[in-house]
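The values are calculated or read from the model by the stated rules, or taken from the named source; none is laboratory data. Source: prediction; values computed, not measured. Here Cβ is always computed from backbone atoms with ideal geometry, including for glycine, and neighbour counts include all displayed protein chains.
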């Protein structure tokens, strides 16, 4: 999903909004297109008094943008798929498996430690690949 972000130089609110969009970009797989407004830009008169401006599917968020408001709007647009959540679960399971392997390693059982460690990495990689596949599919369908 593409997000248009209008900002200007030396703007504290713009910097805050930029950081907020970086956080949301990871969560909602956003493609942020930032435009720095100058006096010769065609949209200057429309947005100059409302900077920063975030446009998502013709909905405008301007000024002191509240992250929770934006997050709720994005969740309403398109929630993540089940396969995405399966991938996230596999990632967590992979971490847990590696942790169990490390516990066995601390107890001195080297081979069990190795099996859990390698298994955890494999489970994590499967989960990450499912997540990335869903992210890629979401980007192609939203454009």
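Against the condition at pLDDT 90 or above and within 19 Å of residue 28 (Cα to Cα), how does residue 98 come out, does it pass? When the stated conditions are applied, residue 98 does not pass them. Among all positions in the stretch 65-87, there is at least one residue which is modelled with pLDDT of 90 or more and assigned to a helix (DSSP H, G or I). Can you tell me how many residues in the stretch 32-63 are exposed (fewer than 14 other Cβ atoms within 10 Å of the Cβ) and closer than 16 Å to residue 22 by Cα? The qualifying residues number 1.
Of the residues making up the stretch 20-63, those that are without any contact (Cβ under 8 Å) to a residue 60 or more places away in the chain, within 22 Å of residue 135 (Cα to Cα) and not in a strand (DSSP E or B) number 11.
When you scan the stretch 125-140, do you find a residue that is more than 24 Å from residue 3 (Cβ to Cβ), touching a residue at least 12 places away in the same chain (Cβ under 8 Å) and over 18 Å from the mean Cα position of the chain (by Cα), even just one? Within the stretch 125-140, one or more residues are more than 24 Å from residue 3 (Cβ to Cβ), touching a residue at least 12 places away in the same chain (Cβ under 8 Å) and over 18 Å from the mean Cα position of the chain (by Cα).
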